[in-house]
1. Open to solvent by less than 40 Å² (accessible area, probe 1.4 Å), at negative phi and part of a loop (DSSP other than H, G, I, E, B) - does that describe any residue in the stretch 67-83?
2. Which is at pLDDT 95 or above and closer than 17 Å to Leu58 by Cβ, of Val165, Val193, Val116, Val169?
3. Name the single residue that is surrounded by the most Cβ atoms within 10 Å (Cβ to Cβ) among those in the stretch 233-261 being over 17 Å from Ala208 (Cβ atoms) and either touching a residue at least 60 places away in the same chain (Cβ under 8 Å) or among the polar types (S, T, N, Q) (or both).
4. Scan the stretch 33-50 residue by residue and report those that are open to solvent by 20 Å² or more (accessible area, probe 1.4 Å) and either under 15 Å from Phe134 (Cβ atoms) or among the polar types (S, T, N, Q) (or both).
5. Name the residue, out of Ala139, Ala124, that is under 25 Å from the mean Cα position of the chain (by Cα) and under 22 Å from Glu185 (Cβ atoms).
6. With respect to the numbered conditions (1) in a helix (DSSP H, G or I); (2) closer than 30 Å to Arg155 by Cβ; (3) touching a residue at least 12 places away in the same chain (Cβ under 8 Å), which one is the sole condition not fulfilled by Ala139?
7. All but one of (1) farther than 15 Å from Val179 by Cα; (2) crowded, with 23+ Cβ neighbours inside 10 Å hold for Leu59; state the number of the condition that does not hold.
8. Name the residue, out of Val35, Val70, that is modelled with pLDDT of 95 or more and more than 14 Å from Val169 (Cβ to Cβ).
Amino acid sequence: MRKAVVVKPGAPAPDDSLPEPTTAAAATGRPRFLVLGLLAITDGHETVVLQPSKPASLLAALLLHPGEVVSADLLQRVVWGSRPPAGGRSALHTCVLRLRRLFAKYGIADHAIEAVPGGYRLPADADTLDLLRFRELLARSGASDDPESALHLARTALCLWKGPVLGNVHSDELHRDLVPRLAEERLLAVERVFDGELRLGQHREMIAEVREAVRADPGHERLSALLIEALYRSGRRAEALAEYRRIHAHLTSELGVDPGPALRDLQGAVLRGEPTGGHPALTAAGLSPPPAAEAPTGLERASPPAPGPLVLRALVNAGLLEEDPSGCYRVHALLRLFVHAAGASLPTAATTDPTDLPPSAAG
C-alpha cells in the first residue's frame, strides 16, 4: 500500500514526498473515519489522509455502506473497475489484509473489517464516521421544534464537509453511483440552513451565501427561490425579479422546461407585493408596507387601481412589455411571437404603434 501521510488541521494537501507518520501520532485518541472530503483517519489532533490506492478505494466503499454487507463483486468493481484480475476474490482478500495492516498503525482493531458470507462489512456509528454524524445532526435539525436549535444543528452538520468528496479515491464506480447521492444530502443541509435563516429573519445576512450557492448550481429552483425570497424580504424587489428572469431563462434554454409552480407563485407574490412565507416584504426604505384598509362591515369596496407607473413596471418585469430609451413602452417581442404562433395578431411596431405608451400615459 502506498504511504499514508499525516496532515494537521489547516495544513496543505498531501503529496507523495511526505513521510509516513508514526503510530503514536495518530493513535492518541479514538480513531474516526472521514469521507466528507478527502478520505482520512483522524484522532481529533492529527489527520491521516490516505493517498490514492486500491485499499483506499476498498475502504471508501465500505464506509459509504456503514454497517452493511458489501458484496465481493461490488468491491471488485470499485477497486479494479470493469476488469478485475484473475482470481478476483483472492486479490480482494489480499487488499483487505493490506487495509488491516494500515489500521493497526493507527490503533484501529484488526477485526474492524468483518468478513461475512458474500462480502465484507465495516461497522460504524456517529462517533467513528463523519457521514453518520452528519446524518444524525441533520435528522435532529429536521425534528427540532425550536428554529434556533434547528438552524444550529443544520449548520453544524454542514461544517463537517471539508471539500470535494473522496477526491483522493480513484474509483469510477463510487464517483458515478455513490458520490452524487452524498452531494444531494449536502444540498439538503444547505437548503435547511437557508430555510432556518429565513424563519429567523436573517434574510439580509444570507443573501451573499445564497448567491454563491446559486452560482454553483444555477439550475436549482429551490436555491433560486430562496435567493428571490431573501432579496424580496430585504426590499430588493427588482433584484428578486431579475433572479426569477435568470432562472427562467436558464431552465428554458438549457432544459426546455418552465419553472415549477412554487417558483411561479413566488414570482407572482413579488409582482403583487404580497407577503411570502408568512412574512411581509420590505420597501426600499426597509419598512414593511402598511396593511390594506378593510372595507366597513356590510359594504363591498373595490380595490383602488394601482398607479400607472407600478402597473407598467410590473408588466415590464413580467416580460410582457419592453421600455425603449425614450421612455415609451411596447409589447415585448417574445409576446408577439407567442401571439402569432397562436394564430392571432398584434399591431406591428411603428411610430404610430398603439402599444407604444409615452411616459405621460403612465401617470
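1. There is no residue in the stretch 67-83 that is open to solvent by less than 40 Å² (accessible area, probe 1.4 Å), at negative phi and part of a loop (DSSP other than H, G, I, E, B).
2. Working: Val165 fails: at pLDDT 95 or above; Val193 fails: closer than 17 Å to Leu58 by Cβ; Val116 fails: at pLDDT 95 or above.
That would be Val169, the only listed residue that is at pLDDT 95 or above and closer than 17 Å to Leu58 by Cβ.
3. Top of the filtered list is Leu241.
4. From the stretch 33-50, those open to solvent by 20 Å² or more (accessible area, probe 1.4 Å) are 34, 38, 44-47; that's our starting set.
Within the stretch 33-50, Leu34, Thr47 meet the criteria.
5. Working: Ala124 fails: under 25 Å from the mean Cα position of the chain (by Cα).
Criteria check complete, one pass: Ala139.
6. (3)
7. (1)
8. Details: Val35 fails: more than 14 Å from Val169 (Cβ to Cβ).
Being modelled with pLDDT of 95 or more and more than 14 Å from Val169 (Cβ to Cβ) holds for just one of Val35, Val70, which is Val70.
The values are calculated or read from the model by the stated rules, or taken from the named source; none is laboratory data. All figures in this text were calculated on a predicted structure; none of them were measured in a lab. As a convention, Cβ positions derive from the backbone with ideal geometry for all residues, glycine included, and neighbour counts pool all protein chains shown. Side chains included, ligands, DNA and RNA excluded: accessible areas come from the protein's heavy atoms. Shrake-Rupley method; radii C 1.70, N 1.55, O 1.52, S 1.80 Å.
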